Amino acid sequence: MKLKVITIAGNKPMELNIKNEKDTRIEFVKTAFKQRLLSLIDEGLEWVIMSGQMGVELWAAQVIIELKSTYPIKLGIFPPFLEYESRWPEVYQEAFLQVTEQADFYQPLYNENYKAPYQFIKKDYWLLEKSEGCLMLVDEDYPGSVGYFLDKAKQHQEKSSYMIVFITPNDLEDIVREQQVNDQMELD
């Protein structure tokens, strides 16, 4: 099945034990997304839509913006409400602002500030309905907060031809090993 529109979901930085934006593991996460996105683009991917949640989603959005200069890919950011990022650490607020400025489309789903958890629930269902699949970085044994989205995606998959593509901890370990081999080859 060719996917023209996907959404991306994954863990927040603290769920990955990433304490700051200088953590070298972020580059491995970005590399994993770049590899998967390139193969999906080759198969016809046109749009990636997401809320822009700090962590995996924001890092993936940065990768997409980088890819947009070379590939025909578009990015849509749909936070669940206005000032979505207002309680995040400043570094993530700045990254969110940069991503939304460079996105092809930006629109909060609710034209109001945070009211209640229903906004997050509706956001998940909206993203699932508007996409044909999702690309998720998650450890299914310890999903963290993205587990709520994963459960909804699996239910959606049972009722339709929805596709879930995973980036697993093992995939990240493979990328780390590849980088170590490349680094060693440069030294030799």
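The values are calculated or read from the model by the stated rules, or taken from the named source; none is laboratory data. Model, not experiment: these values are computed from the prediction. Glycine also receives a Cβ, built like all others from the backbone with ideal geometry; neighbour counts cover every protein chain displayed. Quick note on the areas: whole protein, heavy atoms, side chains included, nothing else; ligands and nucleic acids left out. Shrake-Rupley method; radii C 1.70, N 1.55, O 1.52, S 1.80 Å.
Against the chain, whose longest principal axis comes from its Cα atoms, helix 147-159 is set at around 80 degrees. Note on Y142 and E66: the model spin-label points, each 7 Å out from Cα along the C-beta direction, lie 2.6 nm apart. Computed over region 29-188, the Cα gyration tensor eigenvalues convert (square root of 5λ each) into semi-axes of 27, 19, 17 Å, ordered from largest to smallest.
Leaving out ligands and nucleic acids, and using a 1.4 Å probe, what accessible area per residue does region 63-188 come to in Å²?
61
Roughly speaking, what is the stretch gain from E186 to N113, that is 0.36 nm per residue apart minus the C-alpha to C-alpha distance, in nm to one decimal?
Details: separation 73, 0.36 × 73 = 26.28 nm, distance 5.07 nm.
Taking 0.36 nm per residue and subtracting the Cα distance, the gain is 21.2 nm.
In the structure displayed, which of K122/K154; K74/K154; K30/K68; K30/K74; K19/K154; K4/K130 lie more than 19 Å apart, Cα to Cα? Kindly include the intermediate steps, with their values, before the conclusion.
Values: K122/K154 16 Å; K74/K154 25 Å; K30/K68 15 Å; K30/K74 17 Å; K19/K154 30 Å; K4/K130 11 Å.
Checking Cα-Cα distances, K74/K154; K19/K154 exceed 19 Å.
Arrange the peptides 98-110, 9-21 so that the one whose residues have, on average, the most other Cβ atoms within 10 Å appears first.
On the way: 98-110: 16.1, 9-21: 17.8.
Averaged packing, sorted descending, gives the order 9-21, 98-110.
W126 exposes around 80 Å² of accessible area when a 1.4 Å probe is run over every protein chain in place.
What's the long-distance tail for region 121-182, i.e. % of Cα pairs beyond 16 Å? Of all Cα-Cα pairs in region 121-182, 50 percent lie more than 16 Å apart.
When a 1.4 Å probe is rolled over the protein heavy atoms, the share of accessible surface on the chain that falls to carbon and sulfur comes to 50 percent. For region 31-67, applying the loop criterion from DSSP together with a ceiling of 12 other beta carbons within 10 Å to the GluC sites (Glu not before Pro) yields E43. Accessible surface comparison of Y92, Y118, Y142, probe 1.4 Å, protein chains only, largest first: the order is Y142, Y118, Y92.
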